[in-house]
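One structure is given here, and the rest of the page talks about it.
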Amino acid sequence: MGEGEGLAAPQPALPAGAGQDVGRSCILVSIAGKNVMLDCGMHMGFNDDRRFPDFSYITRNGRLTDFLDCVIISHFHLDHCGALPYFSEMVGYDGPIYMTHPTQAICPILLEDYRKVAVDKKGEANFFTSQMIKDCMKKVVAVHLHQTVQVDDELEIKAYYAGHVLGAAMFQIRVGAESVVYTGDYNMTPDRHLGAAWIDKCRPNLLITESTYATTIRDSKRCRERDFLKKVHETVERGGKVLIPVFALGRAQELCILLETFWERMNLKAPIYFSTGLTEKANHYYKLFITWTNQKIRKTFVQRNMFEFKHIKAFDRAFADNPGPMVVFATPGMLHAGQSLQIFRKWAGNEKNMVIMPGYCVQGTVGHKILSGQRKLEMEGRQLLEVKMQVEYMSFSAHADAKGIMQLVRQAEPESVLLVHGEAKKMEFLKQKIEQEFRVTCYMPANGETVTLPTSPCIPVGISLGLLKREMVQGLLPDAKKPRLLHGTLIMKDSNFRLVSSEQALKELGLAEHQLRFTCRVHLHDTRKEQETAMRVYSHLKSVLKDHCVQHLPDGSVTVESILIQAAAHSEDPGTKVLLVSWTYQDEELGSYLTALLKKGVPQAPSGGS
Amino acid sequence: MEAAEDWLVESLRLYQDFHAFDLSGATRVLEWIEDKGVFVAGYESLKKNEILHLVLPLRLSVKENQGLFPERDFKVCHGGFSDRSVFDLKHVPNTRLLVTSGLPGCYLKVWQVAEDSDVIKAVSTIAVHEKEASLWPRVAIFSSVAPGVLHGVRLSGLKVVDLASQKTTYTSGVSDSEELSSLQVLGADTFAFCCTSGRLGLVDTRQKWAPSENVSPSAGSGGGRWCAEVGSRGIASLCSDGQLCLLDPRDLCHPVSSVQCPVSSPSPDPELLHVTWAPGLDNCLAISGFDATVQVHDVTCWAGTEGQAEPLFTHRGHILLDGNAPDAAPLVTTHTWHPRKPRTLLSAASDASLHVWDWVDPRASR
């Protein structure tokens, strides 16, 4: 993680995120003095401390709770929330943790699952406990989509729909006029059960987007589905059984809807089963969070239970021994325990069968082993299992590719874009593409690097009516193309900015205005009396300064506007007169001009006076 | 949507493998680099076009355990920007250089694919002299220690330019101003040309211009536009009205066979006509440029001369995958065979779609 140095401008620091397919997300943003941590992910590829982000980057000394204003979690995938209990309970953080309602409901389940695998299966020591997960979740504040949440009186956040998985959100973080949008993982194309990500033209100073898939062009959804259907179809046609280990939520719903849509079309009769635990849990969560699914699902759901499919039935463990083809969706997803593992053990020995793994499997699980190509597995009690069934690894993850990122940037209209989880050298072209198309600056920091963004915040200043009226009186209409100079005093009081006239300011501050007067001496050769010299000066100025008010006062002095010119005799030389030109500070320009003019010389007055 | 779903089910038996991609801009170019990547390039006239080096999904390159490779996506390995439309792109083998041809402006551009970053940058220009503003030079590469760029708009302008020194090392030296439609390098000193009129020739650059030539196809071809490709099986020559001729290089004057491919109408844009021999299948070739399909033909089925030839396989993915209305159907702009996988092709269309498909031979026994 990068250092947060509390600069005035938004300044995200970049941690974590190693390889392309698994990284850990954890980003620190400093915006107008507030510090926000975005996501707190686990790196699934490591077994030791390297899987957690290095929180010492945040602050060398001092408590995290004091330094961080809040933590935001974008969705329930472990590479975004897996380190959360470690962070809050083992490193220590007691401040608020924001996430959407579905994320709040599902996170603890995945964390507990993961904990079980790590501790029970792999015997890890330094890991968070079940109690720690519970304590961590007590600090969570759940938010709704498009709801502006005040973290404190200056910092506010808002969640936007991100697609990707149930409850995934993109977050906007705002302090005054400055804002940052963090996308987490998102998807710009809808799938069968979730909609596409959407954001309004919020014009943040910075858009932070995942770029793991930024340099890819994704195969169409239809072709991915086709591949899945083909594999299932081929296996079932030859009399084989298909096992699909899934998590309670996520791809399972998508794949069920897919099979249901095509089963009849493909004229298949083989039964499809869904393990009961899955159905109940899934139904429960989808009912709770129906607003998070796409339009089509919502419409169907009103009519019937979402998991009452025509072709898909509840599974009974006895069915696993039935002869003939079938398809079974069973938990857990990594084949590390429970029903899916039981079924796997029964079916692994037959090459007609197939297991389709729809997602990443953590090291140590049976899922991970078979996906690495292992065909002989040591099970409990030193039993050797030979895997003859076909193993298929399919990726159904919905991530934005280059095209998707461009679409999102187009929607949000940020001033700058920051790409995380990519390799800078391999993204120069994408950077140019974004910069050219949107006329924005694009950053690609490496892990541990800090990016500082200068911003020019807009500070609203109220102008007093009196001052405004005075300027208007000058007669010239405002012209957008010709800025006019305005004199006033800026008063900053109680986070309020006002522009008032100088007199008003002095009055409010209880100060008296000082008058500054300048006097300049101009020597003039004139042998006549002072009054005549004054007259001579008056005639000259009257003819030259047609735009100004030139007056000859009864006491002999000449005024030009408010500048006073008096003629006096020279103390030593009777042939020389001294002109005293005096003006106030406000008339500096005219005063200097007059002095220079008089120094050039004054012609003799016409005889007979004016 | 119904039709699209029906076709998806049908595709289960038509194709072994099928990938469909959406490029940010349509391409008329599909140029291989080794057998793992292809170059594509945009051809829009009023905006910046992208030249991309795409790496095929890993599962298409591995020989075993294909099932363990979940990634189905193209990786954008390198990219660059071109101010003008790119109509042809050739990679110079064993180098990191590309040569492109397009409009406006009659010149070739030479590009370098960076080694330490993902950028493709223009490095030099090769001037071509041609008065007519709408014509662009065809390009082919003589790959050797000192690569040469064979190019020309017309027979008279045919030249080979040494890439490094930019010196002309060969000129046709003829005044014949017939327009070229394709150029193909066959060996270290030989190349084939095809004119839009259908006139074909095989040239040896070591000799003064004396190509083995055919006679331009008879008036019966009705003013169509031709293109051709030389393969191990002979020369295939395709006309914009759907006529396809097979010629023996030893006797260009007498076509071995001449058939009519089933096309509903002549090609709306004959510059997009492509005929390619399959590198991995002895007697197959593919044609495109008439509509939204690619037809695969087996030439051994053509008994003699004249007659309709039924394709062995027709790829309809560009219209049927997304269920487009028939009048909104795109036009296939180019296609190419995978160098190693015998029945795998790539095809691109005017709607910026790019398909990779492995068709099932309908004659294969179940």
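Looking across B:ARG59, B:ARG13, B:ARG84, one residue alone is touching a helix residue (DSSP H, G or I) at 6+ places or on another chain (Cβ under 7 Å) and more than 7 Å from chain A (Cβ to nearest Cβ). It is B:ARG59. Checking segment B:100-110 against the condition returns a match, with at least one residue being more than 14 Å from every other protein chain (Cβ to nearest Cβ), in contact with a strand residue (DSSP E or B) (Cβ under 6 Å, 6 or more places away or on another chain) and among the polar types (S, T, N, Q). Residues that are within 42 Å of the chain's Cα centre (by Cα), part of a strand (DSSP E or B) and under 23 Å from A:GLU588 (Cα atoms) occur in segment A:489-498; there is at least one. Out of all the residues in segment A:353-396, which are basic (Lys, Arg) and within 14 Å of chain B (Cβ to nearest Cβ)? Across segment A:353-396, the qualifying residues are A:LYS369, A:ARG375, A:LYS388.
So, in segment B:25-48, exactly how many residues are surrounded by fewer than 18 Cβ atoms within 10 Å (Cβ to Cβ) and within 13 Å of chain A (Cβ to nearest Cβ)? Total meeting the criteria: 3. Selection of segment A:332-352 for residues being of a type in the set (Lys, Arg) and either crowded, with 24+ Cβ neighbours inside 10 Å or assigned to a loop (DSSP other than H, G, I, E, B) (or both) yields only A:LYS352.
Look through segment B:119-139, keep the residues that are surrounded by 15 or more Cβ atoms within 10 Å (Cβ to Cβ) and more than 16 Å from B:ALA41 (Cβ to Cβ), and return whichever of them is nearest to the other protein chains (Cβ to nearest Cβ).
In the first step, residues of segment B:119-139 are kept if they are surrounded by 15 or more Cβ atoms within 10 Å (Cβ to Cβ); the result is B:119-120, B:122, B:126, B:128, B:130, B:135-139.
With the extra rule that they be more than 16 Å from B:ALA41 (Cβ to Cβ), the set shrinks to B:126, B:128, B:130, B:135.
Details: B:ILE126: 24, B:VAL128: 28, B:GLU130: 31, B:LEU135: 30 Å.
Residue satisfying both the conditions and the ranking: B:ILE126.
If you go through segment A:312-365 and pick out every residue that is farther than 24 Å from A:GLN383 by Cα and within 40 Å of the chain's Cα centre (by Cα), you end up with 4. The test for being in contact with a Pro (Cβ under 8 Å, 6 or more places away or on another chain) and surrounded by 22 or more Cβ atoms within 10 Å (Cβ to Cβ) holds for A:VAL355.
Summed over segment A:140-193, residues that are aliphatic (A, V, I, L, M), more than 14 Å from the chain's Cα centre (by Cα) and in a loop (DSSP other than H, G, I, E, B) total 5.
Within segment A:536-565, residues that are assigned by the TED database to the domain that holds A:GLU588 sit with their Cβ atoms under 6 Å from residues that are among the aromatic types (Phe, Trp, Tyr), at 6+ positions apart or across chains, in these pairs: A:HIS552/A:TYR538; A:VAL558/A:TYR538; A:ILE563/A:TRP583.
Considering only segment A:247-331, give the helices (runs of 4 or more DSSP H) lying wholly within it that have at least 1 residues that are modelled with pLDDT of 80 or more.
A:251-263
When B:THR95, B:THR125, B:THR100 are checked against the criterion of being within 15 Å of B:VAL40 (Cβ to Cβ) and out of contact with any Ser or Thr (no Cβ under 6 Å at 6 or more places or on another chain), B:THR100 stands alone in meeting it.
The condition of being β-branched (Val, Ile, Thr) and either surrounded by 21 or more Cβ atoms within 10 Å (Cβ to Cβ) or part of a strand (DSSP E or B) (or both) holds for only one of B:VAL230, B:VAL174, that being B:VAL230.
Selection of first residues in segment A:437-466 that are in contact (Cβ under 8 Å) with a residue 12 or more places away in the chain and of second residues that are in a strand (DSSP E or B) and of a type in the set (Asp, Glu), restricted to Cβ pairs under 7 Å at least 6 apart or on distinct chains, gives the following pairs, ordered by first then second residue: A:THR455/A:GLU178; A:PRO457/A:GLU178. When segment B:319-358 is filtered for residues that are part of a helix (DSSP H, G or I) and more than 12 Å from every other protein chain (Cβ to nearest Cβ), the ones remaining, listed by number, are B:ILE319, B:PRO326, B:ASP327, B:ALA328. Scanning segment B:170-188 for residues that are more than 23 Å from B:VAL215 (Cα to Cα) and in contact with a Ser or Thr (Cβ under 8 Å, 6 or more places away or on another chain) yields a count of 2. What about A:GLN586, is it farther than 16 Å from A:THR533 by Cβ and either modelled with pLDDT under 90 or assigned to a loop (DSSP other than H, G, I, E, B) (or both)? The answer is yes for A:GLN586. In the set (1) hydrophobic (A, V, I, L, M, F, W, C); (2) closer than 30 Å to B:SER117 by Cα; (3) assigned by the TED database to the domain that holds A:HIS368, A:LEU207 fails one condition alone, (3). Pairing residues of segment A:107-133 that are of a type in the set (Asp, Glu) with residues that are at pLDDT 90 or above, at Cβ distances under 9 Å and at least 6 apart in sequence or on separate chains, gives A:GLU112/A:SER130; A:GLU112/A:ILE133. Scanning segment A:360-390 for residues that are under 30 Å from A:SER211 (Cα atoms) and surrounded by fewer than 21 Cβ atoms within 10 Å (Cβ to Cβ) yields A:GLN363, A:GLY364, A:HIS368, A:LYS369, A:SER372, A:GLY373. A:GLY240 fulfils the conditions (1) free of Cβ contacts under 8 Å to residues at least 40 places away in the same chain; (2) more than 10 Å from chain B (Cβ to nearest Cβ) except for a single criterion, (1). Scan segment B:49-72 for residues that are among the acidic types (Asp, Glu) and crowded, with 20+ Cβ neighbours inside 10 Å and the total you get is 1. Counting only helices (runs of 4 or more DSSP H) that sit wholly inside segment A:397-483, those with at least 2 residues that are away from chain B (no Cβ under 14 Å) and at pLDDT 90 or above are A:402-412.
The values are calculated or read from the model by the stated rules, or taken from the named source; none is laboratory data. Quick caveat, the model's predicted, so the values are computed rather than measured. With ideal geometry, Cβ positions are generated from the backbone for all residues, glycine too; neighbour counts draw on all protein chains shown.
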